[in-house]
Amino acid sequence: MQHSTVQGHLVMGLVVSQELSLRILADLAYEADDPYAVRFSFHLPGDAPVTWFFARELLLDGIGGPAGEGDVHIHPVGGDRPEVRILLRSPAGEALLRASSAPLIAFLARTDRLVPMGQELAARELDAELADILGDVRR
């Protein structure tokens, strides 16, 4: 039986200033039932986790080049160890996060095996068809 969820963990840096960043853990989740979104739950010291949903395609685009409008902006930073910077904006303020690109690329590859990019709608239709078929069998 194929799993319908991809999960991962990522250590990120919460940039406080040019000289200081805090290490935080982020849980990543992707569900076939919501094939366009990736959920990030950020675990901040002393606080309840903060959850944001990103478009999976935005995350992929941001690894390769600047991407995003509005509340989420993602852009790559080259160097010896490629990173991405993620800027989150809300009415309460802004947060700048950084993470190594490699684990994000690996996570996205796993999501692509579950629901290939560009086939999100087809996967949802297939799930609905299966639910209808299984529902009819149980009656």
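Annotations
- Scanning the range 1-36 for residues that are surrounded by fewer than 15 Cβ atoms within 10 Å (Cβ to Cβ), touching a Gly at 6+ places or on another chain (Cβ under 8 Å) and within 14 Å of residue 50 (Cβ to Cβ) yields one hit, 22.
- Only one of the numbered conditions (1) surrounded by fewer than 19 Cβ atoms within 10 Å (Cβ to Cβ); (2) closer than 24 Å to residue 32 by Cα; (3) not acidic (Asp, Glu) is violated by residue 59, and that is (1).
- One residue from 69, 94 being in a strand (DSSP E or B), without any contact (Cβ under 8 Å) to a residue 24 or more places away in the chain and out of contact with any Pro (no Cβ under 8 Å at 6 or more places or on another chain): 94
- Residue that is on the phi < 0 side of the Ramachandran plot, outside any loop (DSSP other than H, G, I, E, B), modelled with pLDDT of 95 or more and not small (Gly, Ala, Ser), where the choices are 121, 88, 134: 88
- Within the range 10-41, restricting attention to residues that are at pLDDT 95 or above and among the small types (Gly, Ala, Ser), the residue that is nearest to residue 94 (Cα to Cα) is 13.
- Residue count for the range 70-87, restricted to those that are farther than 12 Å from residue 52 by Cβ and among the acidic types (Asp, Glu): 2
- Some residue of the range 73-90 being small (Gly, Ala, Ser) and farther than 20 Å from residue 11 by Cα: yes
- Scanning the range 31-46 for residues that are assigned to a strand (DSSP E or B) and not basic (Lys, Arg) yields 31, 37, 38, 40, 41, 42, 43.
- Matching entry among 33, 47 (being in contact with a Ser or Thr (Cβ under 8 Å, 6 or more places away or on another chain) and of a type in the set (Asp, Glu)): 33
The values are calculated or read from the model by the stated rules, or taken from the named source; none is laboratory data. Please read all numbers here as calculations on a predicted model, not as lab measurements. All Cβ positions, glycine included, derive from the backbone under ideal geometry; neighbour counts span all protein chains shown.
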